[in-house]
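Chemist: Quick one: this structure, given as structure tokens, is what I'll be asking you about.
Only the coordinates and a few stated rules stand behind these numbers; no lab work does. As the structure is a prediction and not an experimental result, all values here were calculated from the model. Note that we place each Cβ from the backbone using ideal geometry, even for glycine, and neighbour counts take in every protein chain shown.
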């Protein structure tokens, strides 16, 4: 059997990527475009979205920047419906929008809990529901949800984010079973420590924390958004046509040691 030609594997296909203004979301959008795809990048800030759309075009695809708050179910549905109306299809959805900060559980406010759960869990469901109705009608489509390994092993200081991402895993597995026979696949990707501005500020805010995190990664380095995007492309493509309800961990082996970022138990 010959190896698949991945250079144009997304030609004629349309993807929506939330949290597409920077980091992993931007890298996934550009990777999809580099294989011929059309990408709508979604977020709350116009300037970075326009920059991603420009990079998508430079990579050889077609791009558009769409402002939307994923916590707004009505707005999300209107956005997805608009994409389908303009492009006549939606082949992929990447739920990558996230919010996170490290805080001891007893110090987490109700508003802090709600903010993260609304973005990560509710936002992922709103997008999945909106895109899913079109995919189910077409009999094909793939949805990819960005999570983190502490969704199953837990992590001090991440009770809000871990709970939300665990919910996303449960949603993914449940709908993977419900929708498999109707041609729609759902999977998760769990990146490890990644060189992005957002992750660095939240999870290793100083050099000591950075060194501690780096020492926890068996391969001895952080990953980068492009490497994560390459794994995402596999799950979004027909190369993974028999894979659904799974989580691909891209963390250099870090979670196997259950290493920590910043442990609030050790803070005064």
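Chemist: With springs only between Cα atoms under 10 Å, which of 50, 79, 256 fluctuates most in a Gaussian network model of the chain?
Modeler: Fluctuation is largest for 256.
Chemist: Sort the chain into rounded, prolate or oblate with this rule: let a ≥ b ≥ c be the square roots of the eigenvalues of the Cα gyration tensor; rounded if a/c is under 1.5, and if a/c is not under 1.5, prolate when a/b is larger than b/c, oblate otherwise.
Modeler: Working: a/c = 1.61, a/b = 1.46, b/c = 1.10.
Prolate, because a/c is 1.5 or more and a/b exceeds b/c.
Chemist: When the helices in the chain are scored as -39500 (n - 2.57) per DSSP H run of 4 or longer and the sum is shared across all residues, what 222 nm value do you end up with, to the nearest 500 deg cm²/dmol?
Modeler: Calculated mean residue ellipticity at 222 nm is -13500 deg cm²/dmol.
Chemist: Give me the angle, in degrees from 0 to 90, between the Cα long axis of helix 123-138 and the longest principal axis of the Cα atoms of the chain, rounded to the nearest 10.
Modeler: 20
Chemist: Does the stretch 160-242 come out rounded, prolate or oblate, given a ≥ b ≥ c as the square roots of the eigenvalues of its C-alpha gyration tensor, rounded meaning a/c under 1.5 and, failing that, prolate meaning a/b above b/c?
Modeler: Prolate.
Chemist: On a 0 to 90° scale, report how tilted helix 23-34 is relative to the longest principal axis of the chain, with both axes built from alpha carbons and the result rounded to the nearest 10.
Modeler: Roughly 20 degrees, rounded to the nearest 10.
Chemist: Now, a different point. If r is the Cβ-Cβ distance from residue 224 to residue 114 and R0 is 30 Å, what FRET efficiency results, to the nearest 0.05?
Modeler: My answer for the efficiency is 0.40.
Chemist: Can I ask one more? Rounded to the nearest 0.05, what FRET efficiency is calculated for residue 85 and residue 136 with R0 set to 25 Å and r the Cβ-Cβ distance?
Modeler: It comes out at approximately 0.90.
Chemist: Right, something else. Would you mind ranking 128, 223 by Cβ crowding within 10 Å, fewest neighbours first?
Modeler: Ranking 128, 223 by Cβ neighbours within 10 Å, fewest first, gives 223, 128.
Chemist: With axes computed from alpha carbons, what is the tilt in degrees of helix 73-87 against the longest principal axis of the chain, rounded to the nearest 10 within 0 to 90?
Modeler: Long axis of 73-87 versus the principal axis of the chain: about 40 degrees.
Chemist: Could you work out the relative contact order of the stretch 14-266? I mean the mean sequence separation of Cα pairs under 8 Å and 6+ apart, divided by the number of residues, in percent.
Modeler: It comes to 19 percent, rounded to a whole number.
Chemist: Going 7 Å from the Cα of residue 242 in the Cα-to-Cβ direction, what parts of the stretch 170-197 have a backbone nitrogen less than 20 Å from that spot?
Modeler: Under 20 Å, as judged by backbone N against the label point of residue 242, lie 176-188 of the stretch 170-197.
Chemist: Which shape class, rounded, prolate or oblate, goes with the stretch 97-235 when its Cα gyration tensor gives a ≥ b ≥ c as root eigenvalues, a/c under 1.5 marks rounded, and past that a/b bigger than b/c marks prolate?
Modeler: Verdict is oblate for the stretch 97-235.
Chemist: Could you give the distance between the Cα centres of the stretch 84-162 and the stretch 41-64, to the whole Å?
Modeler: Taking the Cα centre of each part, the stretch 84-162 and the stretch 41-64 sit 20 Å apart.
Chemist: Over the stretch 119-215, what is the mean sequence separation of C-alpha contacts under 8 Å (at least six apart), divided by residue count, expressed as relative contact order in percent?
Modeler: Values: 98 pairs, mean separation 30.9, N = 97.
Once normalised by length, the contact order is 32 percent.
Chemist: Sort 68, 188 so the one with the fewest other Cβ atoms within 10 Å of its own Cβ comes first. Each step should come with its number before you reach the end.
Modeler: Working: 68 23, 188 26.
With the fewest neighbours first, 68, 188 line up as 68, 188.
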